[in-house]
Protein chains: 2
Amino acid sequence: MSNITRLRCINCSRTYQPEPGLYTCPICGSTDGILDVEYDYDYINRSLSKASLAANREPSMWRYRPFLPIAQEGPLPPLQVGWTPLYRAERLGAELGLKELYIKDDGLNPTGSLKDRPSAVAVARALAEGARVVACSSTGNAASSLAGAAASVGLKAVIFVPGRAPQGKVAQLLIFGATVISVQGSYEDAFHLSAAAIAEHGWYNRNAAINPYLVEGKKTVCLEVAEQLGWQVPDWVVLAVGDGCTMAGAWKAWVDLKKAGWIDRLPRMLGVQAEGCCPLTRAFREGTRVRPMEENTLADSIAVGVPRNPEKALRAVRDSGGSMINVSDQEILAAMGTLGRTSGVFGEPAGVAGTAGLLKAVREGVIKSGARVVVLVTGNGLKDVANAIKAAGEPIRVAPSLEALREALAGFEEGKN
Amino acid sequence: MSNITRLRCINCSRTYQPEPGLYTCPICGSTDGILDVEYDYDYINRSLSKASLAANREPSMWRYRPFLPIAQEGPLPPLQVGWTPLYRAERLGAELGLKELYIKDDGLNPTGSLKDRPSAVAVARALAEGARVVACSSTGNAASSLAGAAASVGLKAVIFVPGRAPQGKVAQLLIFGATVISVQGSYEDAFHLSAAAIAEHGWYNRNAAINPYLVEGKKTVCLEVAEQLGWQVPDWVVLAVGDGCTMAGAWKAWVDLKKAGWIDRLPRMLGVQAEGCCPLTRAFREGTRVRPMEENTLADSIAVGVPRNPEKALRAVRDSGGSMINVSDQEILAAMGTLGRTSGVFGEPAGVAGTAGLLKAVREGVIKSGARVVVLVTGNGLKDVANAIKAAGEPIRVAPSLEALREALAGFEEGKN
């Protein structure tokens with residue numbers, strides 16, 4: 001690909017040319033040897049400019065194609081991923097004393113999460129490499145986004161899920177025509193069986209940490225934020241962190257834009273984890289390597305006890321002068337209501353964990369009043385209605401008569417004051 | 001509003017000027033006296049053109065503001081409604097022998113359904129009229145879209161639901177901060193109590209059949225289809241029908257575009273109902289007025305035994321030279337899988353009923369091979385995961401070993417051949 005110069009191992013700094021089947025540094029191995037994609041920014045600037053984007057009506061992430069690790073010509077999967085709305089949150093911003101607050105609603109992607117972005121890149125690359133099968137192990141947003149994107153182009157998707165995977169999530173995969181392998185064991189069993197099967201069959205490997213191109217798909221969320229803000233860099237970008245790949249991707253957007261000369265400064269990144277599963281926050285605070293942790297939170301999409309991309313994420317937060325913060329499950333549920341009530345955006349628990357972290361960071365003075373802040377909502381609330389029920393409270397029950405209604409509403413208004 | 005000339009009663013043809021509080025014809029009453037909005041097409045053509053739209057990057061239904069019954073200046077609710085993707089369904093179209101098949105995925109609206117369009121119009125009008133409360137009775141997509149749109153602008157929403165309303169749907173309303181009145185009785189009880197309360201309090205009435213402006217919001221789905229097809233009119237537009245308002249709105253788009261001189265012919269409309277609840281299909285076939293029917297289908301969003309806008313819908317189908325068709329619940333569930341597998345689009349049962357009807361209409365020769373067809377998917381599959389589970393089938397269960405996987409996959413491949 002003419003826009004990529006090389007892949008560089010984040011551990012040993014050795015460089016490689018991109019080629020099919022090369023996912024991680026062969027010297028450092030698949031845990032430490034995560035690769036980073038490096039671009040030819042002159043090439044990018046010859047292909048794309050702020051002015052050409054301003055005239056471009058393509059309402060998807062493909063508007064940034066020269067910034068992406070895919071062939072610059074040829075077919076792309078058709079699902080309309082990205083170019084999701086960035087809302088100015090006037091009321092919530094004012095409540096928090098922020099100068100400007102923006103909400104990026106990535107739950108409006110085709111299968112309901114930010115993961116549609118990396119999956120679109122995976123499928124585009126699989127098509128370019130002539131693969132006929134794409135595979136991953138996941139029960140969550142990565143799986144549904146991969147299954148949807150594969151269906152849109154007629155690729156076969158093989159998804160490995162642990163036996164305990166929720167029926168609803170499995171159903172969505174089956175609706176998309178994926179071959180779903182329910183591994184009668186733990187998530188770890190499913191992961192290892194998928195790795196062995198992928199190696200045996202030569203399937204295209206959609207695994208966000210191992211596959212270096214997926215972080216590049218994730219970065220489109222912040223390329224969009226930058227364009228939607230008129231290339232004015234915010235002071236803070238706030239998002240929930242599980243595996244670490246989304247943090248790595250969100251940060252990469254700003255780094256690429258600065259290297260390409262499109263922006264002149266970088267934002268700070270605030271990573272938010274759940275108290276019950278926060279190996280990255282712990283490592284950030286202690287200045288140590290990540291150690292495994294229990295997965296004790298209802299925000300399932302960020303319940304990752306063994307993050308697979310810790311180094312890229314921690315470097316992003318540190319290099320940005322940012323921070324990591326933890327929120328409780330109660331704070332996550334409360335943020336779901338705060339966000340819905342003040343903006344009309346409905347996020348899943350992990351999707352609103354960023355908002356919960358923002359509220360706490362303002363309270364604790366990490367984010368100062370007067371700041372310009374962007375918070376990412378990474379998944380749709382319809383993905384997890386069970387937890388919305390926990391967050392929602394109760395309706396007002398009345399008998400079917402105007403009199404009963406009058407009494408109930410009077411009591412309700414009093415109760416509110 | 002300078003773009004509207006008058007409202008005309010579809011029963012007695014009397015005309016009225018639009019004013020706050022006027023929803024139906026005072027002479028014919030709220031059941032028969034549905035009003036139709038008439039426009040000044042010269043005004044529209046002075047404000048909007050194909051060329052101005054081609055240069056307009058606004059990715060929402062507001063790009064058609066001069067075609068809408070709202071003030072042409074002033075604030076609009078910020079949620080990004082509409083401009084949803086229109087996908088060319090190559091594989092499914094070829095399978096069916098169609099010349100071209102397109103899928104309009106309206107499940108990607110902010111709260112997950114086409115109903116976000118009329119609710120956006122309702123909230124825009126409520127703001128213009130200075131209302132502080134908007135209300136409706138519904139447990140479904142109308143309610144969630146109204147609650148979301150109201151939250152986005154800080155209006156209060158009061159939603160009346162029957163006692164049996166599913167907890168998940170009530171939760172979504174509460175997350176959006178709506179006041180949810182759970183009426184301990186039937187849906188009919190909830191409807192009547194809401195009507196009385198709306199009259200007593202002077203709340204803004206968001207009821208798609210009674211409020212004549214909401215159909216106009218719905219029409220934006222087909223204004224978009226027309227623009228996305230480069231103003232080439234398809235032969236057929238296929239959609240599911242419950243109350244009849246969506247059919248009325250979809251048809252109004254083509255009528256408006258022809259009256260404004262933007263297109264030179266009209267498509268045929270195919271309305272699809274569930275076998276277990278098909279009062280409109282029956283009336284269409286028998287040439288009679290609509291009579292009430294039981295509500296016996298899993299496609300809850302179109303389970304409407306007493307449609308509130310039957311005349312507008314039946315006229316649309318008849319005037320277009322179109323037809324009505326029924327599908328079974330089994331056909332709806334099967335269509336969910338067909339759509340997901342061939343296109344990566346996941347619709348709720350009512351949302352894919354249109355697709356089920358298309359498959360049947362092609363089989364029965366109602367839609368001829370070689371036709372150019374657009375099918376609307378009106379709601380997101382994540383709205384109703386329970387039925388997706390019924391449609392989905394079972395995953396392949398294996399022990400966590402490569403050998404077990406090999407055996408299972410071999411059997412699976414054989415089973416498929």
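The values are calculated or read from the model by the stated rules, or taken from the named source; none is laboratory data. Just so it is clear, the model here is predicted, and its values are computed rather than measured. Backbone-built Cβ (ideal geometry, glycine too); neighbour counts: all protein chains shown.
For the stretch A:294-308, the count of residues that are farther than 30 Å from B:Leu174 by Cβ and modelled with pLDDT of 95 or more is zero. I'd like the full set of residues that are within 11 Å of chain B (Cβ to nearest Cβ) and under 20 Å from A:Gly379 (Cβ atoms), limited to the stretch A:140-155. Listed by number, the residues that qualify are A:Ser144, A:Ser145, A:Leu146, A:Ala147, A:Gly148, A:Ala149, A:Ala150, A:Ala151, A:Ser152. Criterion applied to B:Pro77, B:Pro85, B:Pro66, B:Pro110 was being under 30 Å from B:Asp42 (Cβ atoms) and within 11 Å of another protein chain (Cβ to nearest Cβ), and the one residue passing it is B:Pro77. Is it fair to say A:Val158 is surrounded by fewer than 21 Cβ atoms within 10 Å (Cβ to Cβ) and either at the interface with another protein chain (Cβ under 8 Å from one of its Cβ atoms) or touching a residue at least 24 places away in the same chain (Cβ under 8 Å) (or both)? Answer is no for this residue.
From the list B:Glu275, B:Glu294, the lone residue that is at negative phi, of a type in the set (Asp, Glu) and free of Cβ contacts under 8 Å to residues at least 24 places away in the same chain is B:Glu294.
Just one of the listed residues (B:Gly261, B:Gly337) is part of a helix (DSSP H, G or I), touching a residue at least 24 places away in the same chain (Cβ under 8 Å) and out of contact with any Gly (no Cβ under 7 Å at 6 or more places or on another chain), namely B:Gly337.
Under the condition of being of a type outside the set (Gly, Ala, Ser), under 22 Å from the mean Cα position of the chain (by Cα) and within 9 Å of chain B (Cβ to nearest Cβ), the residues counted in the stretch A:167-187 number 5. Quick check, is B:Gly242 more than 15 Å from the chain's Cα centre (by Cα), of a type in the set (Gly, Ala, Ser) and assigned to a loop (DSSP other than H, G, I, E, B)? No, not satisfied.
When B:Asn3, B:Asn56 are checked against the criterion of being in contact with an Asp or Glu (Cβ under 7 Å, 6 or more places away or on another chain) and among the polar types (S, T, N, Q), B:Asn3 stands alone in meeting it. Looking at the stretch B:96-106, can you tell me whether even one residue there is touching a residue at least 24 places away in the same chain (Cβ under 8 Å) and within 18 Å of B:Leu214 (Cβ to Cβ)? Within the stretch B:96-106, one or more residues are touching a residue at least 24 places away in the same chain (Cβ under 8 Å) and within 18 Å of B:Leu214 (Cβ to Cβ).
A Cβ distance below 6 Å, combined with a sequence gap of six or more or placement on separate chains, defines the contacts here; from the stretch B:178-203, residues that are within 19 Å of B:Glu129 (Cα to Cα) reach residues that are surrounded by fewer than 21 Cβ atoms within 10 Å (Cβ to Cβ) in the pairs B:Ile198/B:Asn205; B:Trp203/B:Val133. Answer with yes or no whether A:Leu298 is among the aliphatic types (A, V, I, L, M), farther than 14 Å from A:Leu239 by Cβ and within 12 Å of another protein chain (Cβ to nearest Cβ). Taking the combined requirement at face value, the residue does not satisfy it.
The sole residue among A:Glu414, A:Glu331, A:Glu407, A:Glu394 that is modelled with pLDDT of 95 or more, on the phi < 0 side of the Ramachandran plot and of a type in the set (Asp, Glu) is A:Glu331. Within the stretch B:113-133, the set of residues being more than 13 Å from chain A (Cβ to nearest Cβ) and surrounded by 24 or more Cβ atoms within 10 Å (Cβ to Cβ) comprises B:Leu114, B:Lys115, B:Arg117, B:Pro118, B:Val121, B:Ala122, B:Ala124, B:Arg125, B:Ala126. Pick from the stretch B:332-363 the residues that are surrounded by fewer than 24 Cβ atoms within 10 Å (Cβ to Cβ) and over 21 Å from B:Met247 (Cα atoms): which of them is farthest from the other protein chains (Cβ to nearest Cβ)? Looking at the filtered set, the residue picked out is B:Arg363. When the stretch B:118-155 is filtered for residues that are closer than 16 Å to B:Cys245 by Cβ and either free of Cβ contacts under 8 Å to residues at least 24 places away in the same chain or among the β-branched types (Val, Ile, Thr) (or both), the ones remaining, listed by number, are B:Val121, B:Ser138. Count of the stretch B:364-401 residues, restricted to those that are part of a strand (DSSP E or B), at the interface with chain A (Cβ under 8 Å from one of its Cβ atoms) and crowded, with 17+ Cβ neighbours inside 10 Å, is 2. Farther than 30 Å from A:Pro110 by Cβ, among the aliphatic types (A, V, I, L, M) and more than 9 Å from every other protein chain (Cβ to nearest Cβ): is that true of A:Ala410 in this structure? When the stated conditions are applied, A:Ala410 passes them. Inside the stretch B:79-91, residues that are surrounded by fewer than 20 Cβ atoms within 10 Å (Cβ to Cβ) and in contact with a Ser or Thr (Cβ under 6 Å, 6 or more places away or on another chain) make up a count of 1.
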